[in-house]
Amino acid sequence: MGYDYALVHLKYTIPPALLLTFLYRPLCCRLDVYKVLFLITVAVLSTTPWDSYLIRSNIWTYPESVIVGPTLFRIPLEEVFFFVIQTYNTCLLYLILATPTFHPIYLRREDTTQGKGWKYARLAGQLGIALAVKRGFTMLTSRGGGTYMGLILVWAGPFLLLLWSLAYQFILGLPLTNTLLPIAVPTLYLWLVDTLALRRGTWVIQSGTKLGIHLWPHLEIEEAVFFLLTNTLIVFGLVAFDNALAVLNTHRQLFPVVPTLPSPLLLVRALLLPAATYDDDRIEGFQQAVARLRAKSRSFYLASGVFRGRLRGDLITLYSFCRVADDLIDNAASVDEARHWIEKLGTFLDYSYNEKQADRKKIASYIIYTFPKETQLALFHLPTDRLSPLPLYELLKGFETDLEFPSPMISTPAVRGKPKPSNGKPVANTHVTQFPINTEQDLDLYASRVAGTVAEMCLELVLAQHTSSPESRRRLLDAGAKMGIALQY
């Protein structure tokens, strides 16, 4: 009986877990806990039989003097805990790095000429992994020094092949901070921990089953590959999870209701949805909205990461509409042209709200023939079914008030930071000499239209995800509107 292996955890694996937990705790939600527990469960269930076989076959051993004693299928409990703590740490690092990422914009439809490249990438990855597995079988059948490496490749390869086949778009398309970094950092760290453990004899690899190649002194190449592949499996599992969520949250018609904690079966259904059936317009609308958000208000984009699922998409599309509307008016060559855009936006709202059942084809036709191409998806994807019309109409009245100022217009909080029009001169009504705000009531009304409405619409989208009484809903919306007014002051 000994405590060497337990001390490895106390010194090297538990402290990072505590630090990562502290850093991510303010952002953590039930879905994140679900992801981590799901990955830990898969890791323990998939690794336990393999690890038990290695120990029973004397490929690696744990001296009795370094472990406490209790085992699970001959695996020391310290080793079982390693399955858990490694998965936990890598998961939390991934979640921290992936929080700002809005995953739906990385979906790609594959029935276009450009989309065919993804199919070739998928096949290339599948071929490479299959060849690695075949090499592992060759090492196993030849026995000798390649046994341990062969067992690693044969065990990890099929899982890697499955995850690649399901989530290759995201694995290749996501920023490297979401894929390479959460693999590289824990892998390098565990290589160092493993080097210390092998040097101390905390665990031992039998000499007849290893290649005898070292990445650096005391670090066997098999151990280096093992930690690289296990961290890759963890990150690819999380990427596949986020890929499934992106499909669910983007395709409302195919998946009308998405539970807060989607079942594994629902996640698999989403991953198996053919990429050729993806809603290309919806995805492009998200891409344009995120591009506007990043360009005009990067802080708002980063802050939007605290919202999850369809709510984040709704908030981003709402911002995109406000940004587009404001730019159409700000970039107008004259006050008359600006008023013209306000009228057209009002007509768009009329079509969206004033009919018993909004005719999507009629709305789409009006948008296409009335508004510039780069603005059309922002209007088309405005979530009018989850927004009441009054705040939107009031926002347009706020734009009308802007045109009454005798000096350059005041930017609203929702779209603050907007650039000047291409001619370098903000739209101003040079024919107006009287300031449109003369009393405190005038200021309250203006602030409610340009700021209170935005706060109210954001809260409407939040409340659309939750059940609340009419009284509670009205109280929250009024409070949000007052907060918007206060910020405008």
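The values are calculated or read from the model by the stated rules, or taken from the named source; none is laboratory data. Note that the structure is predicted; figures quoted are calculated from it, not measured. Neighbour counts are summed over all protein chains in view; Cβ atoms, including those assigned to glycine, are modelled from backbone coordinates with ideal geometry. We work out accessible area using only protein heavy atoms, side chains counted, and drop any ligands, DNA or RNA first. Shrake-Rupley method; radii C 1.70, N 1.55, O 1.52, S 1.80 Å.
Tabulated values for the structure
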read-out	value
Packing-based order for 76-82, 201-207, using average beta carbon neighbours within 10 Å, highest first	76-82, 201-207
Most positive-pole-ward Cα, Leu23, His218, Thr141, against dipole of the chain from beta carbon charges	Thr141
Calculated semi-axes √(5λ) of the Cα gyration tensor in Å (choose from (i) 37, 26, 23; (ii) 56, 24, 19; (iii) 45, 26, 25), label	(ii)
Relative contact order (%) - criterion: Cα under 8 Å, at least six apart; region: the chain	13 percent
Length released on extending from Ala333 to Leu302, taking residue separation times 0.36 nm less the Cα-Cα span	7.9 nm
By average C-beta atoms within 10 angstrom, highest first, the peptides 321-334, 435-448	321-334, 435-448
Förster radius 25 Å - calculated FRET efficiency between Arg74 and Tyr3, Cβ distance, rounded to 0.05	0.80
Cα-centre dipole for the chain with unit charges at Cβ (Lys and Arg positive, Asp and Glu negative), debye to 20	1020 debye
Angle in degrees between helix 389-402 and the longest Cα principal axis of the chain, rounded to the nearest 10	60 degrees
Inter-label distance, nm, simple model (7 Å from Cα along the C-beta direction), Thr347/Leu443	3.8 nm
Degrees between helix 360-370 axis and first principal axis of the chain (Cα, 0 to 90, nearest 10)	70 degrees
Average accessible area per residue (Å²) across the chain - probe 1.4 Å, nucleic acids and ligands excluded	48 Å²
Highest to lowest packing among 66-72, 400-406, scored as the average C-beta count within 10 Å	400-406, 66-72
Rounded to 10°, Cα long-axis angle of helix 280-296 versus longest principal axis of the chain	80 degrees
Dipole of the chain, positive end: most advanced residue of Phe405, Ile316, Val268 [Cβ charges, Cα centre]	Val268
Karplus-derived HN-Hα couplings along segment 247-261 (A = 6.51, B = -1.76, C = 1.60, θ = phi - 60°), whole Hz, x at Gly and Pro	5, 4, 7, 8, 9, 5, 5, 7, 10, x, 10, 10, x, 4, 10
For Tyr278, residues with placed amide H under 5 Å, excluding near neighbours	Glu110
With every protein chain in place, the chain: carbon and sulfur % of accessible area (1.4 Å)	63 percent
Computed [θ] at 222 nm, deg cm²/dmol, the chain (DSSP H ≥ 4; -39,500 (n - 2.57); rounded to nearest 500)	-21500 deg cm²/dmol
Residue among Gln287, Ile40, Gly150 farthest towards the positive dipole end of the chain, charges placed on Cβ	Gly150
Size of charge dipole - segment 247-338 - debye, nearest 20, with Cβ of Lys, Arg +1 and Asp, Glu -1, no other charges	660 debye
